[in-house]
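Okay, structure first, notes after.
The values are calculated or read from the model by the stated rules, or taken from the named source; none is laboratory data. Values in this document were obtained by computation on a predicted structure and should not be read as measured data. As a convention, Cβ positions derive from the backbone with ideal geometry for all residues, glycine included, and neighbour counts pool all protein chains shown. Heavy atoms of the whole protein, side chains included, go into the accessibility calculation; ligands, DNA and RNA do not. Shrake-Rupley method; radii C 1.70, N 1.55, O 1.52, S 1.80 Å.
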Amino acid sequence: MTWPTIDKDPARLLRPPNVADYDELRAGFCWEDARAALDGLPNGAGLNIAHEAVDRHAAGARAEQTAIRWLGKHDDVRDISYRELAELTGRFANVLEDLGVAAGERVFLLLGRVPSLYIAALGALKHRAVISPMFSAFGPEPIRQRMEIGEGRVLVTSRRLYERKVAGIRDQLPSLKHVLIVDGEDGTPPGTLDLEALLADASPDHTIAPTDPEDRALVHFTSGTTGQPKGAVHVHEAVVAHTATGRFALDLQDDDIYWCTADPGWVTGTSYGIIAPLALGVTMIVDEAEYDTERWYTILEEQRVSVWYTAPTAIRMLMKAGDEPRAGRDLSALRFIASVGEPLNPAAVVWGQEAFGLPIHDNYWQTETGGIMIANLAASEVRPGSMGRPLPGIEAGIVHRTGDDDDPGVEVEDAPDVEGELALRAGWPSMFRTYLDQDVRYARCFRDGWYLTGDLARRDADGFLWFLGRSDDFIKSAGHLIGPTEVEATLTAHDAVVEAGVIGIPDPMAGEVVKAFVTLYPGVEATDELMRDLHGFARKRLGPAVAPREIAVVDSLPKTRSGKIMRRLLKARELGLPEGDLSTLEGEPGTPGASDSRPGPAGPAEEAPS
Ligand code: 6R9
């Protein structure tokens with residue numbers, strides 16, 4: 001079925017959008033101008049994200065405006081003004097200085113969405129440390145891997161998270177010198193420090209030292225196809241793109257109340273859940289709790305949210321909950337809704353129009369791009385199912401790879417409606433600068449001046465881009481990008497498992513969920529007890545967002561002659577799709593279809609959207 005284009009209802013625009021004329025803005029836009037529109041550190045001392053997001057507002061007309069309205073799990077509320085935020089982050093920067101943490105060293109954050117997370121992130125940026133926020137739902141193994149690759153020097157966490165997830169791996173993290181506990185008022189575990197006490201002793205005044213725009217600011221880990229997560233490195237210059245794209249794609253304006261539902265452990269929750277809104281001086285809502293239909297509608301209504309950035313999984317959960325929880329609510333403050341992270345099905349776009357009088361505006365980007373690249377804009381028509389058009393300053397191409405690793409090239413597709421790989425012309429400010437310690441891998445992402453996204457797409461005759469799928473084996477579940485190898489490596493760490501192959505299977509809520517196929521050691525029986533143990537083993541190590549929802553025991557896994565598990569084939573068989581080119585298939589593969597498959601003990605857990 002084709003979905004009709006949605007034209008904008010001028011009455012619901014409520015005010016003129018930032019981008020009135022897409023073509024005109026695009027034609028006249030350049031990144032140098034966007035950079036010049038920012039404040040910059042005083043006396044030409046460079047560009048620092050925390051200055052743009054905090055200090056300049058604290059020194060100006062917004063000082064007493066609420067920067068962050070925090071909604072606690074237990075219905076406690078805390079408002080933090082830009083002035084307070086400047087002081088709190090100043091204290092944190094001074095704490096790092098007193099601890100002898102050097103500029104460029106890594107500060108890892110393992111916290112729920114509590115005020116300390118935001119204070120530590122921005123305070124560390126003031127100190128010119130490099131921050132790496134992690135999901136608090138991660139298990140010890142993803143935490144250990146990330147802190148090892150990133151050589152974490154400092155970890156900011158809570159007592160409970162430390163005791164449950166870090167204490168047991170601490171001896172495997174030689175570079176970790178300081179663990180700062182945010183809730184240590186009743187004592188801190190051995191080998192950790194009480195952050196509140198340190199903050200109380202520190203001065204709130206902190207002058208940001210000169211910061212080169214190319215200085216490293218953030219490392220965001222993204223799943224790798226070969227097992228190890230990759231640390232995408234971003235620099236302070238990225239704030240140029242965060243602000244410009246926040247204006248264009250999220251239409252953020254002066255007095256907006258903005259709610260980004262993403263956790264900062266995911267790039268969206270940092271770029272658009274911390275940096276962009278604060279740099280643009282709006283008031284942002286932070287909700288500590290996980291998804292809950294009633295709670296979310298109540299937040300939208302009572303907080304008078306005007307701009308809302310969320311994810312397809314969450315939208316689908318709201319759709320599933322029906323109209324009743326929304327009935328009688330006053331959602332008239334809402335003027336713009338956007339979503340990112342996975343394909344937004346046309347029905348969800350249209351549902352927005354019915355439920356709120358506003359379509360959901362899909363946009364597209366990646367950890368590597370640091371900021372939104374392609375978007376449906378406030379003033380423009382929405383074509384349900386399309387990701388929209390490239391933002392000003394972004395050139396998107398549909399390309400075909402040519403040559404090989406020794407002679408890499410691309411052929412750019414000019415014709416409309418032809419499938420190819422989505423590529424972006426390199427050079428926007430929030431583009432990642434490398435993968436930590438993996439310069440070669442980084443270099444392989446670029447060809448002929450294009451950054452290759454690994455996503456397949458087509459462009460229609462009017463320049464709208466349509467997502468078609470990924471060109472690799474990654475799984476996108478409830479917005480989380482999951483590398484199959486990470487999951488396979490954990491499963492094979494279980495005593496009973498010989499080999500594992502992991503794929504994503506379609507799920508009406510989460511887009512995809514993780515399914516694993518495993519082979520067992522001879523003589524080991526796939527009893528209920530073993531399966532329960534295996535699910536628990538994976539959940540404990542990987543966390544519920546990454547662990548497989550289903551595990552199937554098979555006699556053997558299809559492999560290439562070179563021994564690589566053919567996930568593509570596992571998937572084709574699971575979904576009853578054509579098996580494609582089997583020329584590299586080795587021997588007689590097992591048949592996953594005939595397997596012993598059952599859901600995890602928690603049943604089809606509806607994972608909280610990220
Ligand atoms: C921000 C973020 C990136 C991958 C990306 C693509 C998928 C993101 C999408 C989308 C369809 C959209 N993706 N936005 N797919 N429509 N609007 O998601 O970063 O976690 O690195 O994931 O997510 O496959 O390549 P990240």
### Task
Determine whether Pro544 is in contact (Cβ under 8 Å) with a residue 24 or more places away in the chain, in contact with a helix residue (DSSP H, G or I) (Cβ under 9 Å, 6 or more places away or on another chain), open to solvent by 30 Å² or more (accessible area, probe 1.4 Å) and closer than 30 Å to Ala348 by Cβ.
no
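Let me confirm something: among Trp450, Trp466, Trp428, which residue is in contact with a helix residue (DSSP H, G or I) (Cβ under 8 Å, 6 or more places away or on another chain), under 30 Å from Asn18 (Cα atoms) and either open to solvent by less than 20 Å² (accessible area, probe 1.4 Å) or within 14 Å of the ligand (Cβ to nearest atom) (or both)?
Of Trp450, Trp466, Trp428, the one residue that is in contact with a helix residue (DSSP H, G or I) (Cβ under 8 Å, 6 or more places away or on another chain), under 30 Å from Asn18 (Cα atoms) and either open to solvent by less than 20 Å² (accessible area, probe 1.4 Å) or within 14 Å of the ligand (Cβ to nearest atom) (or both) is Trp428.
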### Query
Within the stretch 515-530, is even one residue at pLDDT 90 or above, under 30 Å from Thr261 (Cα atoms) and surrounded by 14 or more Cβ atoms within 10 Å (Cβ to Cβ)?
yes
#### Entry: From Ala538, Ala510, Ala478, Ala493, residue being more than 16 Å from the ligand (Cβ to nearest atom) and surrounded by 18 or more Cβ atoms within 10 Å (Cβ to Cβ)
Ala538
### Task
Please work out if Glu421 is touching a His at 6+ places or on another chain (Cβ under 9 Å), within 16 Å of the ligand (Cβ to nearest atom), open to solvent by 10 Å² or more (accessible area, probe 1.4 Å) and assigned to a strand (DSSP E or B).
yes
### Summary
Given (1) without any contact (Cβ under 8 Å) to a residue 12 or more places away in the chain; (2) part of a loop (DSSP other than H, G, I, E, B), Asp171 misses just (2)
### Task
Would you mind finding the one in Leu125, Leu88, Leu109, Leu117 that is under 19 Å from Leu218 (Cα atoms), part of a helix (DSSP H, G or I) and in contact with a helix residue (DSSP H, G or I) (Cβ under 8 Å, 6 or more places away or on another chain)?
Leu125
### Task
Hey, could you check the stretch 364-390 for residues that are out of contact with any Phe, Trp or Tyr (no Cβ under 8 Å at 6 or more places or on another chain) and away from the ligand (no atom under 12 Å from the Cβ) and say which is farthest from Gly341 (Cα to Cα)?
Glu381
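Residues Ala262, Ala241: which one is within 14 Å of the ligand (Cβ to nearest atom), within 26 Å of Ser386 (Cβ to Cβ), of a type in the set (A, V, I, L, M, F, W, C) and touching a helix residue (DSSP H, G or I) at 6+ places or on another chain (Cβ under 6 Å)?
Checking each option against the conditions leaves just Ala262.
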### Query
Failed condition for Glu486, given (1) assigned to a helix (DSSP H, G or I); (2) more than 16 Å from the ligand (Cβ to nearest atom); (3) of a type outside the set (Lys, Arg), with all others met?
(2)
#### Entry: Segments classed as strands (runs of 3 or more DSSP E), wholly inside the stretch 355-412, with at least 1 members that are under 24 Å from Trp266 (Cβ atoms)
361-364, 396-402
### Task
Search the stretch 252-275 for residues that are touching a residue at least 60 places away in the same chain (Cβ under 8 Å) and assigned by TED's automatic domain parsing to the domain that holds Ile337 and pair each with any residue that is within 11 Å of the ligand (Cβ to nearest atom) and open to solvent by 10 Å² or more (accessible area, probe 1.4 Å) when their beta-carbon atoms are under 6 Å apart and the residues are at least 6 apart or on different chains.
Val267/Thr367
### Query
Can you name the residue in the stretch 315-367 that is among the acidic types (Asp, Glu) and open to solvent by 20 Å² or more (accessible area, probe 1.4 Å) and is also farthest from Ser223 (Cα to Cα) among such residues?
Asp330
### Query
Across the stretch 63-85, which residue is modelled with the lowest pLDDT among those that are open to solvent by 40 Å² or more (accessible area, probe 1.4 Å) and part of a loop (DSSP other than H, G, I, E, B)?
Asp75
### Task
Could you list all residues from the stretch 453-463 that are within 16 Å of Val399 (Cβ to Cβ) and open to solvent by 40 Å² or more (accessible area, probe 1.4 Å)?
Leu456, Arg458, Arg459
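Matching residues to (1) within 21 Å of Met134 (Cβ to Cβ); (2) of a type in the set (Gly, Ala, Ser):
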site: Arg56; (1), (2): no, no
site: Gly60; (1), (2): no, yes
site: Thr66; (1), (2): no, no
site: Trp70; (1), (2): yes, no
site: Asp75; (1), (2): no, no
site: Tyr82; (1), (2): no, no
site: Asn94; (1), (2): no, no
site: Glu105; (1), (2): yes, no
### Query
Within the stretch 30-41, is even one residue part of a helix (DSSP H, G or I) and at pLDDT below 95?
no
### Query
Of (1) more than 18 Å from the chain's Cα centre (by Cα); (2) buried (at least 20 other Cβ atoms within 10 Å of the Cβ), Ser271 satisfies all except one. Which?
(1)
### Query
Pairs under 6 Å by beta carbon, first residue under 18 Å from Leu456 (Cβ atoms) and among the charged types (D, E, K, R) in the stretch 473-484, partner open to solvent by 10 Å² or more (accessible area, probe 1.4 Å) and more than 7 Å from the ligand (Cβ to nearest atom), six or more apart or different chains?
Asp473/Arg567; Lys476/Gly511; Lys476/Glu512
### Query
Do you know which of the residues in the stretch 13-50 that are among the small types (Gly, Ala, Ser) and on the phi > 0 side of the Ramachandran plot is most open to solvent (accessible area, probe 1.4 Å)?
Gly44
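Would you check if there is a residue in the stretch 3-23 being aromatic (Phe, Trp, Tyr) and not assigned by TED's automatic domain parsing to the domain that holds Tyr258? Spell out how you get there, then give the answer.
Here is the first cut: in the stretch 3-23, the residues aromatic (Phe, Trp, Tyr) are 3, 22.
Still in the list and also not assigned by TED's automatic domain parsing to the domain that holds Tyr258: 3.
Yes, the stretch 3-23 contains a residue that is aromatic (Phe, Trp, Tyr) and not assigned by TED's automatic domain parsing to the domain that holds Tyr258.
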### the stretch 384-400, subset open to solvent by 10 Å² or more (accessible area, probe 1.4 Å) and at pLDDT below 95, residue farthest from Gly463 (Cα to Cα)
His400
